1. I want to confirm something. Restricting to the range 217-254 and keeping residues that are in contact with a helix residue (DSSP H, G or I) (Cβ under 8 Å, 6 or more places away or on another chain) and among the charged types (D, E, K, R), which single residue is farthest from Ser305 (Cα to Cα)?
2. Could you go through the range 100-109 and let me know if any residue there is part of a helix (DSSP H, G or I), more than 19 Å from the chain's Cα centre (by Cα) and away from ligand 1 (no atom under 12 Å from the Cβ).
3. Just wondering, is there one or more residues in the range 332-348 that are over 17 Å from Leu30 (Cβ atoms), surrounded by fewer than 22 Cβ atoms within 10 Å (Cβ to Cβ), touching a helix residue (DSSP H, G or I) at 6+ places or on another chain (Cβ under 6 Å) and not hydroxyl-bearing (Ser, Thr, Tyr)?
4. With the requirement that a residue be within 30 Å of Arg261 (Cα to Cα) and outside any helix (DSSP H, G or I), what does the range 1-41 give you?
5. In the range 72-91, how many are assigned to a loop (DSSP other than H, G, I, E, B), buried (at least 20 other Cβ atoms within 10 Å of the Cβ) and within 16 Å of ligand 2 (Cβ to nearest atom)?
6. Taking the range 231-258, which residues are more than 15 Å from Asn40 (Cα to Cα) and among the charged types (D, E, K, R)?
7. Only one of Gly282, Gly330 is modelled with pLDDT under 95 and not aliphatic (A, V, I, L, M). Can you tell me which?
8. Working only within the range 42-71, note down all residues that are part of a loop (DSSP other than H, G, I, E, B) and over 26 Å from Ala372 (Cα atoms).
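The values are calculated or read from the model by the stated rules, or taken from the named source; none is laboratory data. This is a predicted model, so every value here is computed, not measured. Backbone-built Cβ (ideal geometry, glycine too); neighbour counts: all protein chains shown.
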Amino acid sequence: MSPDPTALAAAFGEAYQRDPEGVWHAPGRLNLIGEHTDYNDGFVLPFALARGVSVAAARRADGLLHLRSLQAADQGVVVPVDGGSLEGWAAYPAGVAWLLREHGAGGASLLIDSDLPAGAGLSSSAALECATALALCDLYGIEIDRRELALLAQRAENEHVGVPCGIMDQSASLLSRDGHALLLDCRSGLSSHVPFDPAASGLTVLVVDTRAAHTLTAGEYARRRAECEEAARLLGVPALRDVKDLAAALGSLADPVLRRRVQHVVTENHRVEAAVGLLRAGAVAELGSMLTASHLSLRDQFEVSWPEADVAVEEALRAGARGGRMIGGGFGGSAIVLTAADRAGNVRAAIEDAYAARSWTAPAIFEAEPAAGARRVI
Ligand code: ADP
Ligand code: MG
């Protein structure tokens, strides 16, 4: 998939009365396993989606940024490339341009298009930042390696949008490789590619948008982070990633809530490592049980799952899926399911029926395949 680059170039022509100099695409991502491990200095294992954000762009000599999006209700914004502050969607691409200014970026006209639902936990924000970053680097001949560029895009979101995101989304968008997941060490920032080709093993990954809004997210997310920091402080380690002896750690914590949080983070890091081992061994179907174990831990130990995700995972398993789990911060958003490709229809129907029987909004379900990272497409 991904937006049609030729159509986007034509739309750019209409919007700006000139041709773009190129079109760039950056994918969204799914985190296969490793949930609530990032801010504990742990491991995550995302892969890039075929869906993402595309940007048609051309340089401007007047030092201005013209920003428009086919998905935005407004007519776009015009701001100086020298810096400033913005509210709303344009802060993402403008923030990137402002940070790239010191590397030599100048003015540009941008037209954005996307086939990634925004705010669904598939990281449209990082895709928007990374497509913009790649476009400006190419247009102005700026050479920055992709790890540095991921850090710059993250900084744009932290400083210019005000979202305290980690480095996973931008890394997955810029560093992913087709047919692979990306093992990312959130402490060192180092990453490696792990073969992940479900179709080659007769498997399918389904993404289930549970259509449940993240109502509690901000407060509960902050509380989980604080609990993890408190547990690490009590255990005398820099971060929960450093807990080596889980039994001893659990034995020394008096608070049952902190014990549950530690149990999740420590075992989830081990599950990422186990998942990587299984993938490297070509045992892709076995990954299913890791996903389900992750879900149960997120549900019972970290206590961030929500009814629609629990039902999606339970019904998928009942219909014969290999495994599944909620993804993202919790309390709403999506789940993923790993299933034999020839059972995907049954699994999908089982989830849809279970939602209908409860009079819940029908879930939106699509198949995800590990795709390539950000690139120039025209
Ligand atoms: P996620 O990254 O999970 O999709 P975020 O809340 O982090 O969710 O980012 C979504 C925001 O990114 C949107 O509210 C919007 O401001 C911006 N955004 C994403 N895609 C587009 C797009 N195609 N056009 C304009 N803004 C977009
Ligand atoms: Mg985001």
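1. Filtering the range 217-254 for residues that are in contact with a helix residue (DSSP H, G or I) (Cβ under 8 Å, 6 or more places away or on another chain) and among the charged types (D, E, K, R), the one farthest from Ser305 (Cα to Cα) comes out as Asp242.
2. Yes, the range 100-109 contains at least one residue that is part of a helix (DSSP H, G or I), more than 19 Å from the chain's Cα centre (by Cα) and away from ligand 1 (no atom under 12 Å from the Cβ).
3. No, there is no match, as no residue in the range 332-348 is over 17 Å from Leu30 (Cβ atoms), surrounded by fewer than 22 Cβ atoms within 10 Å (Cβ to Cβ), touching a helix residue (DSSP H, G or I) at 6+ places or on another chain (Cβ under 6 Å) and not hydroxyl-bearing (Ser, Thr, Tyr).
4. Within the range 1-41, Gly28, Arg29, Leu30, Asn31, Leu32, Ile33, Gly34, Glu35, His36, Thr37, Asp41 qualify.
5. Here the count works out to 2.
6. Once the filter is applied, which keeps residues that are more than 15 Å from Asn40 (Cα to Cα) and among the charged types (D, E, K, R), the range 231-258 yields Asp245, Asp255.
7. Result of the check over Gly282, Gly330: Gly330.
8. Selection gives Ala61, Asp62, Gly63.
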